[in-house]
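Asker: Structure in structure tokens, see below.
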Amino acid sequence: MTFSSEMPARALTEAVRSGAISVSEIVSEFATLADDAATNPARFGIATSLAEHAVDRARSLTAQSEAARRASHGLPRDLLGLPVAIKDLFIIAGVECTMGSTNLAFTATETSEPVAKLLARGAVLTATTHTSEVGMTAYTEPIGYPAPENPYFATPNQLSNQPDTTPRTPGGSSGGSAVAVATGVVPAALGSDGGGPIRVPAACCGLVGLKPAHDIAGGNLSTPAFLTRTVDDAALLAGVPLSSTPHVFRRSQRPLRIGVTVSPFHAEVDVDKRWANGAWAAADRLADAGYDVVEVPSPYDPAGPDVFEIFRRTITRMATKLPRADYSEIVQWIRACGQEISAAEAAATHQQRMALPGAIRSRWEVNAVITPTLAFDPPRIGHFSALAPWEDFDEQTRWTPWLSLWNLTGWASVSVPIAVPGTSGASANTVHPATSVNIGAVRCGEAELLEMASVLEAANAN
């Protein structure tokens, strides 16, 4: 069987299981892609090629018995032979980890748990991908390395006659992972999401980004997550069963109730018409599929507390746990903000955060909520970093004024492209990339979110 590097992850794993393609054949193709991509990190987002490791891994997997392939540490080998790239915040024993800065690079002696779980499922690591310094920004401009360039949004200014050749950002902090998937270097990539760093790059690069639910009791904002080109591949990587047929409610079923809003939660910003129209179009398509769709108010009580202040205090306080190092100005500023928060204030903030899920559910009597993923198109590389740190932080918030709600609550959330014909805002001949919507859980899980995303994906194809 011949295969293409553009094949979905599901198709590749099924071909391996059926014997139509060997692990070695797949790895040989993607190892070559990784080596080639590593010579042009700006175009492909690759920090380090793991081609040699991948070839050795393929030999090891091939040598194992069929019984040994089926399970490891209680996990099925459902990703057997699948090439995956790893965000360069996750350590891999024997591999250099940059943490998004030449000043922080080191060779790891251990392998992080999310990577180990991927290996246990049979995946093959072919590359590491560039990230922002210690994953602290919603854009990806690693210190001392080329910034990955957005392959999805065109660089010329399509709303004027003056071309602008400055590349656009692919978002962050998992921007390198998004670029690697969007350019076909890998079918899937591991990243993390602590305020949108999976869903923002997915929206920037025309991909699917699923942030799974995570436990907030320990104060964590972030969770490992994957970037893929299809909803079905997102389900595969997350280990979530997904029906292969379009979702249809039976008469005996009560349809899920879906809220929709385009009003920003965490900043004052004029939402670009194309991105707002995408959310309304998604709501219409889900209503057509049988979902009960309603507009929802602000998720927060006007009397307070200030929910974005809860997020700001949580993330800056977390930054104080970073070891002392030669950080960039924005990271130094974030750490300094966190150091101004006392232990008592941090404890009070955590208690406010723990009360959020119940407070939001009292205002949102829905199963999930649709918003735009971003307020406007990805800006050009250097747009954020040219600002003073506090202005940079605020501008990132204006760009992504919805997503951190699902990190604060720990609820699952998925970013999926949405194509809306006739909303380019320019001439009839202008073609803009699809925008993206975020579908965030309120009273449902990953499976229900992915079913909704699959409805939108199918509509995009029509």
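Asker: Gain in length, residue 110 to residue 398, computed as 0.36 nm per residue apart minus the alpha-carbon separation, to one decimal in nm?
Answerer: Extending this stretch completely gives an extra 99.9 nm.
Asker: Antiparallel as a % of all DSSP beta bridges within the chain, to the nearest 5?
Answerer: Taking every DSSP beta bridge within the chain, about 65 percent pair in antiparallel fashion.
Asker: If I take R0 = 45 Å and measure r between the Cβ atoms of residue 42 and residue 298 in this structure, what FRET efficiency does the formula 1/(1 + (r/R0)^6) give, to the nearest 0.05?
Answerer: That pair, residue 42 with residue 298, gives E of 0.65.
Asker: Length gain on complete extension for the stretch residue 447 to residue 461, per 0.36 nm per residue less the alpha carbon to alpha carbon distance?
Answerer: Additional length available on full extension: 2.9 nm.
Asker: Then there's this: In the chain, what is the count of Lys pairs whose alpha carbons are under 22 Å apart, counting only pairs at least 8 residues apart or on separate chains?
Answerer: Value for the chain: 4.
Asker: Now, a different point. Can you tell me the length gained on complete extension of the stretch residue 339 to residue 325, counting 0.36 nm per residue apart and subtracting the Cα distance?
Answerer: Here the segment from residue 339 to residue 325 would lengthen by 3.5 nm.
Asker: Hey, can you list the DSSP H helices of the chain whose Cα span along the axis is 20 Å or longer and whose average Kyte-Doolittle score is at least -1.0?
Answerer: Helix filter hits for the chain: 23-38, 273-288, 343-363, 446-461.
Asker: Ranked highest first by average number of other Cβ atoms within 10 Å, how do 296-308, 132-144, 111-123 line up?
Answerer: Averaged packing, sorted descending, gives the order 132-144, 111-123, 296-308.
Every number here is computed from the coordinates shown, using simple stated rules; none is lab data. Only a predicted model underlies this, so the values are computations on that prediction, with no experimental measurement involved. All Cβ positions, glycine included, derive from the backbone under ideal geometry; neighbour counts span all protein chains shown.
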